[in-house]
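Okay, so here's the structure we're looking at.
The values are calculated or read from the model by the stated rules, or taken from the named source; none is laboratory data. Since this is a predicted model, take the numbers as computed values, not measurements. Glycine also receives a Cβ, built like all others from the backbone with ideal geometry; neighbour counts cover every protein chain displayed. To get the accessible areas, we keep the full protein, side chains included, count just its heavy atoms, and leave off ligands, DNA and RNA. Shrake-Rupley method; radii C 1.70, N 1.55, O 1.52, S 1.80 Å.
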Amino acid sequence: MSDISMTSTDPAATATHCHEQANTSGFDAEAIDRTSAADLAAIGGDKWTRYPGCIGAFIAEMDYGLAPCIQQAIDNACDHCKLGYIPDPWKRRVAEACAKWQKDHYGWNVSPDIIRPVPDVLEAYEIFLREIVGAGNSVIVPTPAYMPFLSVPRLYNIDVIEIDMLQDGDAWAFDFDAIEQAFRNGCKAFVLCNPHNPIGKVLTLDEEQRISDLAAAYDARIFSDEIHAPFVFDGYTHIPFATISEQAAMQSMTATSASKSFNIPGTKCAQVLLTNPDDLTMWMDRAEWSEHQTATIGAIATTTAYNEGDPWFQDALQYVKRNFTLVDEEMHGRFNKVGYVKPQGTYIAWLDFKPLGITDPAAYFLDRAKVALTDGKECGTIGQGCVRMNFAMPRPLLRNCFDRMYVALHEDGLL
Ligand SMILES: Cc1ncc(COP(=O)(O)O)c(C=O)c1O
């Protein structure tokens, strides 16, 4: 049973939950539907407590509890006191489970020998910046971007070159001319986020090849964040960048994690896939301290997630897809004057309120609608007037979120 169903304050929900058989995967959509904002706040996560009384739609977590197999693995680890520093056998188990997930889901036949644990994807990014890019250099970040891609390089005295994504009809496109210009000016690093948080773009093979060829022409390296890979909507396919060619494998350092797909970011165990042998040598020489900080409980949770959690994840994905349909209907219905490009994956939508004349929509909706969204400016200069919305919440709360936003805009004569 998930935390969510256990903390439901709705007696009807609790009674129904007790008598109903949850899905065999343990993903209980009906219990999730009945979960209130108060229930979520009672769990105590950042998303539902940072702005009391508000709907939490900012931080990238799903509100769907834990897969029962992961809950059991964590309980079992606690019962047997498996909470010491991470030992080599657990590092190996994570690598093997990650390799199997990559093969089963994306056809990537990757050896566990090149997969190393790291507390989180950002730690891998920091190692990429510190060891591969180097102080005094620069990195290209297509924007809008996941916020730390912009803020972290500055800690290493690395300049960020923001290159705005272009809106091409109802899809986003890379500005390849601007990317080439930045490479020509001496930049030697590029951040790929696929699927792309916060715009939900899923890269095509052609786009990946063009990025790889441009990087090759200027001898640049690529950090490929593929943490959202499991969240791809119908009609799109996730293609791991390192698989498209030997050239791409040599260029890239890939980072991933089960943390988004299974709601376990607090357990601290991501993975890097080091397809360039020099990177593996560097990693073993210079990144062991980061491996050491990876949590044993995270290794246990992650291994279980990858090996046993797929049925739960598939049900979670169906729920996310139905929420996406709701988002899409709202954006084409009541909110059709708001700028919006349909996401192709992730559980995040990028909404542009400039057409309504709102310059700071995150502050506006927090104040007027009690909805907490990510301020688009944190995702780059292009994000002025925009917000990032996490729609992986119980569907009735998502409806309520849109209702609150609509009422505020309507009362203010903006919609
Ligand atoms: C694109 C992307 N990369 C990395 C992360 C961080 O993930 P973690 O801290 O679980 O490794 C997030 C979290 O929202 C993300 O959206």
Counting only residues that are within 15 Å of the ligand (Cβ to nearest atom) and part of a loop (DSSP other than H, G, I, E, B), which one in the range 97-128 is surrounded by the most Cβ atoms within 10 Å (Cβ to Cβ)? 120
Among the numbered criteria (1) in contact with a Lys or Arg (Cβ under 7 Å, 6 or more places away or on another chain); (2) open to solvent by 30 Å² or more (accessible area, probe 1.4 Å); (3) within 16 Å of the ligand (Cβ to nearest atom), which one does residue 370 miss? (3)
Within the range 156-165, can one find any residue that is open to solvent by less than 10 Å² (accessible area, probe 1.4 Å), under 21 Å from residue 251 (Cα atoms) and within 14 Å of the ligand (Cβ to nearest atom)? no
Criterion violated by residue 49 - all others in (1) out of contact with any strand residue (DSSP E or B) (no Cβ under 6 Å at 6 or more places or on another chain); (2) over 23 Å from residue 364 (Cα atoms); (3) at pLDDT 95 or above satisfied: (2)
State all residues of the range 328-355 that are within 10 Å of residue 386 (Cβ to Cβ) and among the basic types (Lys, Arg); if no residue qualifies, say none. 354
Kindly provide the set of residues from the range 60-93 that are surrounded by 12 or more Cβ atoms within 10 Å (Cβ to Cβ) and at positive phi, ordered by number. 65
